[in-house]
Amino acid sequence: MLLRTGMREEGLFRLAAAASVMKRLKTCLNQGTVDHSEFSMDPHAVAGALKCYLRELPEPLMTFDLYNDWFKALSEKLEQFKILLKKLPPENYNNLRCVFWPLCF
């Protein structure tokens, strides 16, 4: 549903659905009784349910055991990103740095 209709929705994973709709959807999902037509017109509710599901997993999707391996793979690609970052105009680089500073720079 999200791939079919939600990708055109502005702020899909940022804007929250109504709490009552989210609660009803979560209950239906937990019981395995989802009426897709009831929620098909509210991609924010479906996106919110997906975020909630991922947040409540007992172990991250990428697993704790593979945590270091994921970072190793990322660091190999990171070298390519560093090369590209050096090619940016200074103004663009500085703006990007402000946005991602805690993560990357």
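Every number in this text was worked out from the coordinates using simple rules, so none of it is lab data. On a predicted model such as this, the values are computed, not experimentally measured, just so you know. No Cβ is skipped: glycine too gets one built from the backbone with ideal geometry, and neighbour counts run over all protein chains shown.
Calculate, in whole percent, how much of the Cα-Cα pair population of the chain lies beyond 21 Å.
58
Loop-only check: which chymotrypsin sites (Phe, Trp or Tyr not before Pro) in region 1-76 are DSSP coil with at most 16 other Cβ within 10 angstrom?
Those that pass, being in a loop and sparsely packed, are 13, 64.
By how many nm would the segment from residue 64 to residue 30 lengthen if fully extended, with 0.36 nm per residue of separation less the alpha-carbon distance?
9.7 nm
Once you've got the GNM for the chain with C-alpha springs shorter than 10 Å, pick whichever of 38, 59, 91 has the biggest mean-square fluctuation.
Of the options given, 91 has the highest mean-square fluctuation.
What is the magnitude of the charge dipole of the chain about its Cα centre, with +1 placed on the Cβ of each Lys and Arg, -1 on the Cβ of each Asp and Glu, and no other charges, expressed in debye to the nearest 20?
In total the dipole reaches around 300 debye.
Computed FRET efficiency, Cβ-Cβ of residue 23 and residue 94, R0 41 Å: what is it to the nearest 0.05?
In this case the efficiency is close to 0.40.
Between residue 73 and residue 5, what is the label-point separation in nm under the 7 Å Cα-to-beta-carbon projection?
Label at residue 5, label at residue 73, 3.4 nm between them.
Could I have the simple spin-label model distance between residue 16 and residue 57, label points 7 Å from Cα toward Cβ, reported in nm to one decimal?
For residue 16 paired with residue 57, the spin-label model returns 2.3 nm.
Considering the chain as a Gaussian network with a 10 Å cut-off on Cα pairs, which listed residue, 60, 43, 90, attains the greatest mean-square fluctuation?
Answer for the Gaussian network model of the chain: 90.
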